[in-house]
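Derivation of every value follows stated rules applied to the coordinates shown; laboratory data play no part. Source: prediction; values computed, not measured. Every residue, glycine as well, gets a Cβ built from its backbone with ideal geometry; the counts of neighbours run over all protein chains shown.
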Amino acid sequence: MDVSTILLYSKRSIILPETLQNVQISVPGPPQYFGCSFVSENEVRLKWLPPAYPNGKIQSYVVSYWRATETRASAIDAQVR
């Protein structure tokens, strides 16, 4: 796998009533101690710890990846719980 970038971010499910649409929601901080190790040509192993400042319960992470010869627009996103 010729991967140039792996993007990892946390995601929370939030439903707001229409009257609160203009309220800003605080997002979680970045994951800590992120590590990536090569396993094979088609596989990598990712490890991380939750953010120091989660700003609530983290329900999932989204890992995005794409080939070095492609753009972010071609990324594949995988939700990780």
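Site pair ILE58 and ARG81 shows an inter-label distance of 1.7 nm when each label is modelled 7 Å from Cα along Cα→Cβ.
Each of TYR33, TYR65 was scored by other Cβ atoms within 10 Å of its Cβ. Listed from fewest to most, they are TYR33, TYR65. When ARG45, ARG81 are arranged by Cβ crowding within 10 Å, least crowded first, meaning fewest neighbours, the order is ARG81, ARG45.
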